[in-house]
Every structure is written in structure tokens, then in C-alpha cells.
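J.: Below you'll find the structure I mean.
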Amino acid sequence: MLRPAIKYDLQIKHGNEYGPREEAAIIQVLRQGAPTSGVACQRFEQEFAAYCGTRYARVVSNGTAALFLSLLAAGVTRGDRVLTTPITWIATAAAAVTLGAEVDFIDIDPVTFNLDPEKLKYKITANTKAVIPVHLYGQCCDMEPILEMAEKSGFAVIEDACHAIGGEYKGRKAGSMGIAGCFSFHEQKNISTLGEGGMVVTNDPAIYERFSLYRSHCTRVYGESTKYCRLDESKQPMGKRFWFQDFDDVGYNFRMTDMQAAVGSIQLTRLDTFNQRRIENAAYLTEGLKDVPGLTLPEVMSGNKHVFHLYPVLIDSNVYGMSRDDFIYAMLYKKGIKVGTHYIPIHLSRAFISRGFRKGQFPVAEAAAERLVTLPVNPRQSREALDYLIESIISLAC
Ligand SMILES: *Cc1c(COP(=O)(O)O)cnc(C)c1O
């Protein structure tokens, strides 16, 4: 008999775990008044930058804010062109649209489901300001050709590494290769900061300064001891004014709280262990499903560390004996397992149909999305749960 807890684990979407260390950190910050953007945020930033091997990191309120801030820092503005993949969470494309940019998509590679650098080539125009590769499901895009094109054409590469915290491409960490890397600590991601959270990383001091300014209303404190000293002695009351505040521009409030950051620091120490469990769970699924006719299982490209945010499977309905939609239905109502569809192609959402996109423009993405399901591989899943998942999939095949 299957324990009810297993079915529960196979139905919830978030796989991250909190333990006594996170609890203790929360209590500690609470007793310090639970501030925003204090020492815990600074510490989390330093630790995260060190983990990614980047010079700088800045915590933000979520992954969408991370993308928005990165585009802003790269100078993307009204009328600029931003390219990304149609198979992603809408936030990737939405961040560019809300900045007034014109978004276009690049069709995907049918094996990795990541944007296809070969097709990117033909989409670059003079006003292409930024390209956002998304490291989908935890596997990095083929970054070398993208970075080469960026060098030649002068667009900014902003990595959406929300699925790939801890992922690697040829020894380089996801998020560390472009001018900016964006992370999310939403409850479904590989680590979480109490349900919401995000991070931007960069090696570029000018980009980092823009992150810092625009994250918090472009506030700058001027004073005697800073390089921004703008003291005008004649205007000083009693000839003395040690500091004053000014705003360089209008910005936003994308700050994170110390309570979240303190939890983030602990989650970061557990990230590699969590990811290892995801990798092992994925290998176990691959072993268990490899002989099921009509299923295409994920491939890890050589040189990549795939951190399996999700485990994507393509279903060939003629061979497997059931369409993708019937499979999702049967898994839920006959087996009690929730499998996902990540994602509906963004260009076919009402938000982008109304911006002029239509079916047929990105055929590889559209064909994959019709046959794709994602299976849970998060660290919460026990061997017993994975066995039940595998048996269920086998028993539904014709
Ligand atoms: C989660 C996610 C985001 C957005 O992150 P939020 O923290 O939810 O705002 C962006 N892109 C991808 C690929 C994601 O999975």
C-alpha cells in the first residue's frame, strides 16, 4: 500500500525543504526587528556572488524584478528589441514588454528545448539590445555561440537562470556568463527564500551600480566621506552638513527582507545537496522509463551540469497509446499524480497574440509544447514515490 504522504509529495509543486537551521535564522532576525535590506541581505549577496563566481550580487524581491532590473541596467528602453525563447515562464518576456521594448522570440532546439543559437543568428537586427537565454529545466543554453554573436553585434546577454541555480556550462556557473544573471527563489525553485525572492549577479561595476540604484528608488546619500560629495559650503547650515539624500532618477522598490535573506544563506549551503538529489532522482527516472515506448527522455548535453529543476518528457501519442492531455488527466485521476506542462508557448498566450504573434511562427516550440509533460524530481521525492511514478507511467502505456 502506498503511504498517503507519497501521493501528497507527488501532487505539491514545491520541492524545497526548510529545517531547524532556517527556523533558528528566522527567530534570530525576528528578534533583531526583522529589518529590510540589512546585514543578512549583504551577507547573502556576498555568499551568492562567491558561489556563482561573479564579482557582485544584489538581492531583489523576485525573479521578475531581477529580469526587469537587468534589462534596465543594460539600457533597454522604449523601442529596443529584446529576443528570448517562447518556451519559458511569461516573466522572461513580460519584463521586457513592461519596459516598452519590442519582444520577439527565437525557436528552440528540439532536444534541449532551449533557444537555438542557429536561429538566433537570423533574428538579430540593428536595434536588438538584449537577448535573454533561459536555462530551461536546469540545463544551460549553448552559451558559446550566443556570447560570440553578442560580442560581434553588441547586444547584451541577460541570463534567465531561474531554473538553473547551481547549473553549469563548461565549468561556468549559470548566470555568470552574460552581463547579468537572474535568479528566482520562488517556492518552486531549487532553493527558496520563504516563497518569494530573487538575485541579480554581474561582473560589471557599472551594471552593479545601476542594480543598486534602481532597486531602491535611485537613492544616493551624499556626504563628506563619499565620492559623491556634492557639498556646497555656502548652502550648509552653520557651514556643516555631513550628508544629504538625493535621487538620481525615478526607480523602484525591489528590496528583499533580512528574514528572507537569512533563510537564503542557509538554503545556499544546502543547494548542492538538493541539486545532487535532483540529479539522482532524474537518473532514477531515466533508468525506470528508458524502455517505455513512445517517450523521449531528457538528454544532458556534454559539458553541462543539469540541475533538473524539472524532468521533461515528450510523449508520442501514436506509440505510447495516449495523447499528452489524456496522459495528464489519467495520471491525476487514476494515479493521483500531478504532472506539469511547462510551458504553453508564450507567443500563443493572449498577451502576445494581442501583440501580433500567431500560431505557426515557432514550429519546433509549438510541436514540443503539444507533447511535453514535466515530472517531479525535487528532493522531496523518495525512491518509493519515484517507483510509484514510474509504475504509473508504465501501466498507462498501451
Ligand atoms: C520563476 C521564473 C521566473 C520569475 O521568477 P519569479 O520569482 O516568480 O518572479 C522567470 N523566469 C523563469 C524561467 C522562471 O521559472
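J.: Does Thr273 count as closer than 29 Å to Ala65 by Cβ, modelled with pLDDT of 95 or more, loosely packed, with under 13 Cβ neighbours inside 10 Å and of a type in the set (S, T, N, Q)?
T.: Judged against the criteria, Thr273 is a match.
J.: All but one of (1) touching a strand residue (DSSP E or B) at 6+ places or on another chain (Cβ under 8 Å); (2) touching a residue at least 40 places away in the same chain (Cβ under 8 Å) hold for Ser153; which doesn't?
T.: So the condition that Ser153 fails would be (2).
J.: Give me the pairs, please: first residue somewhere in the stretch 178-207 and within 13 Å of the ligand (Cβ to nearest atom), second residue anywhere and basic (Lys, Arg) and in a strand (DSSP E or B), beta-carbon distance under 9 Å, and either six or more positions apart or on two chains.
T.: Gly181/Lys173; Met199/Arg58; Val200/Arg58
J.: Test Thr88 against the criterion of being touching a residue at least 40 places away in the same chain (Cβ under 8 Å), within 13 Å of the chain's Cα centre (by Cα) and crowded, with 23+ Cβ neighbours inside 10 Å, and give yes or no.
T.: In short, yes.
Per-residue answers, yes or no, for (1) within 16 Å of the ligand (Cβ to nearest atom); (2) not aromatic (Phe, Trp, Tyr); (3) not in a helix (DSSP H, G or I):
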residue: Asp272; (1), (2), (3): no, yes, no
residue: Arg277; (1), (2), (3): no, yes, no
residue: Asn281; (1), (2), (3): no, yes, no
residue: Tyr284; (1), (2), (3): no, no, no
residue: Val292; (1), (2), (3): no, yes, yes
residue: Met301; (1), (2), (3): no, yes, yes
residue: His309; (1), (2), (3): yes, yes, yes
residue: Val319; (1), (2), (3): no, yes, no
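J.: Still on this structure: Give the number of residues within the stretch 357-377 that are surrounded by fewer than 19 Cβ atoms within 10 Å (Cβ to Cβ) and not in a helix (DSSP H, G or I).
T.: Number of matching residues: 5.
J.: Here's something else I'd like to know. If you check Pro145, Pro117, which single one turns out to be touching a Pro at 6+ places or on another chain (Cβ under 6 Å) and crowded, with 20+ Cβ neighbours inside 10 Å?
T.: Just a single option satisfies the conditions, and that option is Pro117.
J.: Next question, about the same structure. Could you say which residue among Asp142, Asp80, Asp104 is of a type outside the set (Val, Ile, Thr), more than 16 Å from the ligand (Cβ to nearest atom) and more than 27 Å from Tyr252 (Cα to Cα)?
T.: Asp142
J.: Might you let me know whether the stretch 128-139 holds any residue that is more than 16 Å from the ligand (Cβ to nearest atom) and more than 13 Å from the chain's Cα centre (by Cα)?
T.: yes
J.: With respect to Thr98, is the statement that it is in contact with an Asp or Glu (Cβ under 6 Å, 6 or more places away or on another chain) and either at pLDDT below 95 or within 16 Å of the ligand (Cβ to nearest atom) (or both) true?
T.: The answer is no for Thr98.
J.: Being at pLDDT below 95 and of a type outside the set (Ser, Thr, Tyr) narrows it down to one of Arg3, Arg43, so name that one.
T.: Arg3
J.: Where in the stretch 52-158 are there helices (runs of 4 or more DSSP H), lying fully within it, with 1 or more residues that are within 26 Å of Ser216 (Cβ to Cβ)?
T.: Result: 63-73, 91-98.
J.: Inside the stretch 296-334, can you point out the residues that are touching a Leu at 6+ places or on another chain (Cβ under 8 Å) and basic (Lys, Arg)?
T.: Within the stretch 296-334, Arg324, Lys334 qualify.
J.: Looking for whichever is free of Cβ contacts under 8 Å to residues at least 12 places away in the same chain and of a type in the set (Lys, Arg) here; the options are Arg31, Arg21, Arg43, Arg55. Which one fits?
T.: So the residue among Arg31, Arg21, Arg43, Arg55 that is free of Cβ contacts under 8 Å to residues at least 12 places away in the same chain and of a type in the set (Lys, Arg) is Arg31.
The values are calculated or read from the model by the stated rules, or taken from the named source; none is laboratory data. Since the structure is predicted, the reported quantities are computational estimates derived from the model, not experimental observations. Neighbour counts run over all protein chains shown; Cβ positions are idealised from the backbone, glycine included.
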